[in-house]
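Asks: To start, I am sharing the structure in question, which I have written as structure tokens.
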Amino acid sequence: MRPSPNPRDDSRRIDLHVHSTASDGTTSPAVVVGQAKDAQLDVMAITDHDTTAGWVPAAEAALAAGIGLVRGAEISATEEGMTVHLLAYLFDPTYEPLVAELAKVREDRVSRARRMVERIGADYAITWQDVLAHTSDGATVGRPHIADALVGLGIVPSRDVAFTSVLAGGSPYYVPHYSISGEHAVRLVREAGGVPVIAHPGASMRGKTLSDAGIARLVGAGVAGLEVYHRDHSAQERERLLALSATHDLIVTGSSDFHGTGKLNQLGENLTSPAMFERIVEQASGVEVL
Ligand code: AMP
Ligand code: ZN
Ligand code: FE
Ligand code: FE
């Protein structure tokens with residue numbers, strides 16, 4: 001018998017989706033670990049977009065603070081013509097084929113952001129320098145950094161408004177970036193000893209979501225679980241994902257997707273049960289939980 005996905009078992013408070021300034025969060029890896037400790041988390045995962053740059057400072061802070069750390073990333077991939085986010089846990093950060101793909105995504109994210117800023121700059125007074133001023137050194141560049149520059153310049157009042165106007169997927173200023181297929185990403189994560197979990201697979205408020213067949217295909221490639229408990233999912237979407245998890249015998253996770261002050265999401269607002277967390281750890285062979 002598999003343990004049931006009981007999100008109410010909060011005997012250990014486990015939050016498996018947290019961003020830092022290594023991507024588009026607003027707090028540094030070390031500070032976010034301290035915030036997780038303050039939020040009474042027992043375990044947190046650092047999952048910056050397409051990078052492991054926050055792993056070392058987060059690890060140092062976690063060891064000092066006495067909080068469990070899962071080293072991970074949120075990989076941008078494409079499946080069924082849409083962007084799919086893949087949470088990858090405990091993978092070997094030196095596995096060259098994965099390292100190379102992540103580097104390629106990060107590089108193209110820079111040229112993509114520059115092109116978006118050029119387009120926006122035709123209508124609004126914004127330059128690439130303004131965006132750089134809102135981006136930490138070496139961070140994975142994303143639309144949130146452009147959003148912060150737009151807010152700083154008084155062009156829009158908030159990140160949220162930026163995302164529903166200038167930066168929206170359907171906006172004339174929008175430019176896509178390079179990403180690998182979901183199936184390829186899943187295989188690379190498994191080859192690196194990591195455990196792949198699809199992030200917010202039912203977040204329809206962000207646009208189109210993966211079909212049941214799309215999820216089944218990624219499961220066939222090696223997906224281990226679904227992030228079911230996420231603030232961007234309606235009750236109906238959770239039900240659908242729980243049913244799919246039962247069908248495919250998947251790990252069910254819950255997480256905050258914390259971005260510091262960049263989003264309303266608060267650390268620990270959704271949790272992963274200890275039993276489900278153990279299933280992730282059992283499947284991992286890349287790096288250890290710290
Ligand atoms: P990008 O990956 O550069 O296309 O930007 C998408 C990222 O922006 C997502 O992964 C989220 O982290 C973030 N994001 C999406 N919508 C919002 C929003 N309304 N407010 C703040 N951040 C957002
Ligand atoms: Zn993000
Ligand atoms: Fe995401
Ligand atoms: Fe995220």
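Here, each number is a calculation from the coordinates, and none is a lab measurement. It should be emphasised that the depicted structure is a prediction, and the values quoted were computed from it without experimental measurement. Counting neighbours? That spans all protein chains shown, and the Cβs are built from the backbone with ideal geometry, glycine included.
Asks: Can you give the log10 of the normalised intensity I(q)/I(0) at q = 0.18 Å⁻¹, computed with Debye over equal Cα scatterers of segment 23-122?
Replies: -0.90
Asks: Would you mind ranking Leu86, Leu242, Leu167, Leu150 by Cβ crowding within 10 Å, fewest neighbours first?
Replies: Leu242, Leu167, Leu86, Leu150
Asks: Rounding to the nearest 20 debye, state how big the charge dipole of the chain is about its Cα centre with +1 on each Lys and Arg Cβ and -1 on each Asp and Glu Cβ.
Replies: 400
Asks: Related question: Can you give me the Cα centroid spacing of segment 229-290 and segment 45-93 in angstrom?
Replies: Distance between centres, Cα-based: 13 Å.
Asks: Over segment 1-157, calculate the relative contact order: mean separation of alpha carbon pairs under 8 Å at least 6 apart, over the residue count, as a percent.
Replies: Over segment 1-157, the number comes to 20 percent.
Asks: Taking neighbour Cβ counts within 10 Å as the exposure measure, how do His19, His233 sort from fewest upward?
Replies: His233, His19
Asks: Something else now. Could you compute the FRET efficiency for Ala243 and Arg206, with r as their C-beta to C-beta distance and R0 at 22 Å, rounded to 0.05?
Replies: That pair, Ala243 with Arg206, gives E of 0.55.
Asks: Something else now. For the charge dipole of segment 4-88, defined by +1 on Lys and Arg C-beta atoms and -1 on Asp and Glu C-beta atoms about the Cα centroid, which residue among Ala64, Ser76, Gly25 has the Cα displaced farthest towards the positive pole?
Replies: Ala64
Asks: Oh, and also: Among Gly54, Ala122, Ala235, whose Cα sits farthest toward the positive end of the charge dipole of the chain (+1 at Cβ of Lys/Arg, -1 at Cβ of Asp/Glu, about the Cα centre)?
Replies: Projecting each Cα onto the dipole axis, the largest value belongs to Ala122.
Asks: Given the Cα-Cα distance of Val281 and Ser165 and 0.36 nm per residue of separation, how much length would full extension add, in nm?
Replies: Once the chain is fully extended between Val281 and Ser165, it gains 37.7 nm.
Asks: P(r) tail for segment 127-168, what percent of Cα pairs lie past 16 Å?
Replies: 26
Asks: Specify the angular offset, from 0 to 90 degrees and rounded to the nearest 10, of the alpha carbon long axis of helix 29-38 from the longest principal axis of the alpha carbons in the chain.
Replies: That works out to roughly 50 degrees.
Asks: Let me ask something else about it. Have a look at Ile75, Ile198, Ile155 and tell me which one the Gaussian network model of the chain (Cα, springs below 10 Å) gives the largest fluctuation.
Replies: In the Gaussian network model the winner is Ile155.
Asks: If you don't mind, another one. Between Arg119, Arg231, Arg143, which gets the highest mean-square fluctuation from a Gaussian network model of the chain, Cα cutoff 10 Å?
Replies: Arg119
Asks: Along segment 57-67, what does the Karplus equation 6.51 cos²θ - 1.76 cosθ + 1.60 (θ = phi - 60°) give for ³J(HN,Hα), rounded to whole Hz, x for Gly and Pro?
Replies: Once rounded to whole Hz, the list reads x, 5, 5, 4, 5, 5, 5, 5, 7, x, 10.
Asks: Of Tyr173, Val99, Pro144, which is farthest along the charge dipole of segment 94-175 in the positive direction, counting Lys and Arg as +1 and Asp and Glu as -1 at C-beta?
Replies: Tyr173
Asks: Please rank Lys104, Lys37, Lys208, fewest neighbouring Cβ atoms within 10 Å first, as an exposure proxy.
Replies: Ascending number of Cβ neighbours within 10 Å: Lys208, Lys104, Lys37.
Asks: Let me ask something else. I'd like the Karplus ³J(HN,Hα) series for segment 221-226: coefficients 6.51, -1.76, 1.60, θ = phi - 60°, whole numbers in Hz, and an x wherever there's a Gly or Pro.
Replies: Computed from phi, the couplings for segment 221-226 are 7, x, 4, 9, x, 10 Hz.
Asks: Stokes-Einstein D for the chain at 20 °C, 1.002 mPa s, Kirkwood Rh over Cα pairs, in µm²/s?
Replies: So the translational diffusion coefficient is about 113 µm²/s.
Asks: Using alpha-carbon pairs under 8 Å, 6+ residues apart, how would you state the relative contact order of the chain in percent?
Replies: Here the relative contact order equals 27 percent.
Asks: Suppose every K and R has +1 on its Cβ and every D and E has -1 on its Cβ; what is the size of the dipole of segment 111-189 about the Cα centre, in Debye to the nearest 20?
Replies: 200
Asks: At q = 0.26 Å⁻¹, what log₁₀ I(q)/I(0) does a Debye calculation on the Cα points of segment 129-220 give, no solvent, two decimals?
Replies: -1.27
Asks: With each run of n ≥ 4 DSSP H residues scored as -39500 (n - 2.57), what mean residue ellipticity at 222 nm is computed for the chain after dividing by its residue count and rounding to the nearest 500 deg cm²/dmol?
Replies: -12000 deg cm²/dmol, from helical runs alone.
Asks: Restricting to Cα pairs below 8 Å that are 6+ residues apart, what does the relative contact order work out to for segment 21-62? Please round to a whole percent.
Replies: 51
Asks: Enter the angle in degrees (range 0 to 90, nearest 10) between the Cα long axis of helix 235-248 and the first principal axis of the Cα atoms of the chain, meaning the one along which they spread out most.
Replies: Roughly 50 degrees between the two axes.
Asks: For the chain, give me the percentage of DSSP beta bridges that are antiparallel, rounded to the nearest 5 percent.
Replies: Around 40 percent of the beta bridges assigned by DSSP in the chain are antiparallel ones.
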